[in-house]
């Protein structure tokens, strides 16, 4: 093989490497743009699970006006990106929380508001409330306190936006998909094998 031929192969490889780098760089730029838009358009499900729900309405009103950060409330899980578990969560409520979370489209995120979602808070020895929310659903951001003020919840949103924008941690919905057996096993400890949702292949019973 002549020296000129070898140099030609080297030049072609450089071109190919540059093209590959350009494609990867373009994909990276596009993904960064998508993550930025995603962080600035957060749709929060209007669902108060516990006493922390009293702290949620003020952030949407004129004093705090969280909509300026791209956070707005929506009525149904299928419209929502964010689910807030606000305060203590009884087993009965947890059923509805799981159902709502699984109805939400990906990408979706979960915020645990208050100490009760972290360690049970003042209900740590209660027979019918959960102690650690992340044993049943993946939590993307905790806001501690009993109860956290609206400013703390806003700070939680800002931190979550930063995580989404800069891909600082793996999103909870991915963990829920990949480690579903872990979460489902913990759910079944409370609810048994009939942990909702239990969908039949042919959706039998939908018309009942």
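Read-outs throughout are calculated quantities, based only on the coordinates presented, and are distinct from any laboratory measurement. No experiment lies behind these values; they were computed from the predicted model shown. Glycine also receives a Cβ, built like all others from the backbone with ideal geometry; neighbour counts cover every protein chain displayed.
For the ranges 111-118, 128-135, 45-52, what's the packing order if you count other beta-carbon atoms within 10 Å of each residue, average per peptide, and put the highest first? Could the numbers behind the result be given before it?
Numbers: 111-118: 25.8, 128-135: 17.9, 45-52: 20.4.
Highest to lowest by the protection proxy: 111-118, 45-52, 128-135.
Here the simple spin-label model places points 7 Å from the Cα toward Cβ, and for residue 185 and residue 146 these points are separated by 3.1 nm.
Ellipsoid semi-axes for segment 127-192, based on the Cα gyration tensor and the rule √(5λ), read 25, 19, 5 Å when sorted largest first. Expressed per residue, the C-alpha convex hull volume of segment 42-194 stands at 100 Å³. Annotation: segment 80-140 has a Kirkwood hydrodynamic radius of 11.5 angstrom, from the mean reciprocal C-alpha pair distance.
Packing order of peptides 149-155, 180-186, highest average first: 149-155, 180-186 (average count of other Cβ atoms within 10 Å over each peptide's residues).
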